[in-house]
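First comes the structure, then the notes that go with it.
The values are calculated or read from the model by the stated rules, or taken from the named source; none is laboratory data. Just so we're clear, the structure is a prediction, and the values are computed from it rather than from any experiment. Virtual Cβ from ideal backbone geometry, glycine too; neighbours counted across all protein chains shown. These area figures cover heavy atoms from the full protein model, side chains too; ligands, DNA and RNA do not enter into them. Shrake-Rupley method; radii C 1.70, N 1.55, O 1.52, S 1.80 Å.
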Amino acid sequence: MTIQIGDHIPHAVLNVLKDGVQAVSTDDVFKNKNVMLFAVPGAFTPTCSAKHLPGYIQHLEEFKKRGVDVACMAVNDAFVMNAWAKSQNVPEDGITMLADGNGSFTKALGLEMDGSGYGLGQRCQRFALYAENGVVKSIFVEKPGAFEVSSAEAMLKAASETKAAA
């Protein structure tokens, strides 16, 4: 079942590359924090590299001003995520690049997809979610092949609308 608004982020262990591969739990990422997590089907893929990640880099300061940490996740290993971050000039203290190498967190979220037809194997769907202290406040999952609702611009707008309604 796909994670919904009001659900707690499931426990999982992800990886980052900092002084070697480091395991980080979802508690480390989400507990007592406001986090915008966006996920891509794969690092270095066209839409992910040309639009999705660059949008979050461009708007990173706006998220920080709102007290929101930004994290990017893909079903790739930590070395690939690190190389992609370097190639995209991700600020070192800006976006946390999370590797879900085995797709276990993606499966726990119910957001896996089969990219075998494209030679990608099991991946995550393109999505973005906003969580406060590990509780999902908003989530937007893209239709296959689309890039409309999970962009940085769309998530900033959604966050503004959520605050205005509160």
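Tally up the residues in region 1-56 that are surrounded by fewer than 14 Cβ atoms within 10 Å (Cβ to Cβ), without any contact (Cβ under 8 Å) to a residue 60 or more places away in the chain, among the hydrophobic types (A, V, I, L, M, F, W, C) and not in a helix (DSSP H, G or I), please. Here the count works out to 1. For region 65-78, a residue qualifies if it is farther than 23 Å from Ala108 by Cβ and in contact (Cβ under 8 Å) with a residue 12 or more places away in the chain, and the qualifying residues are Arg66, Gly67.
Taking the criterion of being farther than 16 Å from Ala128 by Cβ and surrounded by 22 or more Cβ atoms within 10 Å (Cβ to Cβ), the only residue of region 91-114 that qualifies is Ala99. Of the numbered criteria (1) exposed (fewer than 14 other Cβ atoms within 10 Å of the Cβ); (2) under 17 Å from Phe147 (Cα atoms), the one Cys72 fails is (1). Restricting attention to region 122-133 and to residues that are open to solvent by 10 Å² or more (accessible area, probe 1.4 Å) and closer than 16 Å to Met73 by Cα, the residue that is farthest from the chain's Cα centre (by Cα) turns out to be Gln122.
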